[in-house]
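As structure tokens, the structure follows; a few thoughts come after it.
Only the coordinates and a few stated rules stand behind these numbers; no lab work does. Everything numeric in this text was worked out from a predicted model, so none of it was measured. All Cβ positions, even for glycine, are placed from backbone atoms using ideal geometry, and neighbour counts span all protein chains on display.
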Amino acid sequence: MAGWPARRPPWRASSSTGEEVEDRLVVLPRCFDAGDVAAAAQHGEPGSADAASDGPGLPAIPRPAPSCSVAFVTEDDRVPAAYAADIAAARDRLITFAVGCSEEEWRAAPLDGDPRPVAVVVDHVADSYEYLAGWIRQLVAGQPVEVTSEIVDDLNAEHAAEAAAVSQADATEHLRRSGAAISALIAGLSPGDLSAGDGRVRRFAQIAIRHADNHRTDIETALAVRGIRRG
């Protein structure tokens, strides 16, 4: 999309000791917005509930209490093509929601504990496809990937500042483009590639599927609770 900022590298090298973090979700409700840190191959306890800055002019996005954590679904025998199709279907459902929003709905911030408007949350899903795809490429290539709360918070705070005024047309185009890219990436994997990084490729694919649906349903519920009618 014209004028979209150049992408920053969405990963950092893992520590020289070889210890990698195990990606867990402690999130704005049901969202991939902060990862807690645990030792390799372990699921650690949720972390602190402090806040991350969202950039100039935006309030801090708090890290929620442990009750907002999302468990990984690791027992899953889908093949790569099935994951890719499910990612695309969830992406398309979010696009349908986004194009149907009124201006009032698009600029509303209905989610408790999340100051971002609907516009920014929708575009955040497109943004997350990009850094998830980057991590998947590295893992499949046998490269170490570190995912920490700081890394994910930084990515999402930077995005919130960049996308504060994103339009429906730009957000939906971003979803189409980045969603198609991660779907194609997953579809091109072998079944064995899903186990790369001790199964983290599979877990990132699972996140990519549910992320769009979770945000969409949470926003729809919040808009209804607040009496903001869908157009």
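Remarks
- Residue ranges 92-101, 125-134, 169-178 sort as 125-134, 169-178, 92-101 when ordered by packing (mean number of other C-beta atoms within 10 Å per residue, highest first).
- For segment 137-143, backbone phi angles converted through the Karplus equation (6.51, -1.76, 1.60; θ = phi - 60°) give residue-by-residue couplings of 4, 5, 5, 5, 7, x, 8 Hz, Gly and Pro being listed as x.
- Base-10 log of normalised Debye intensity for segment 92-203 (one unit scatterer per alpha-carbon) at q = 0.11, 0.23, 0.24 Å⁻¹: -0.41, -1.22, -1.27
- Counted charge near residue 140, where neighbours are those whose Cβ lies closer than 11 Å (Asp, Glu -1; Lys, Arg +1): +1
- Charged neighbours of residue 83, selected by a Cβ distance under 12 Å, balance to 0 (K, R count +1; D, E count -1).
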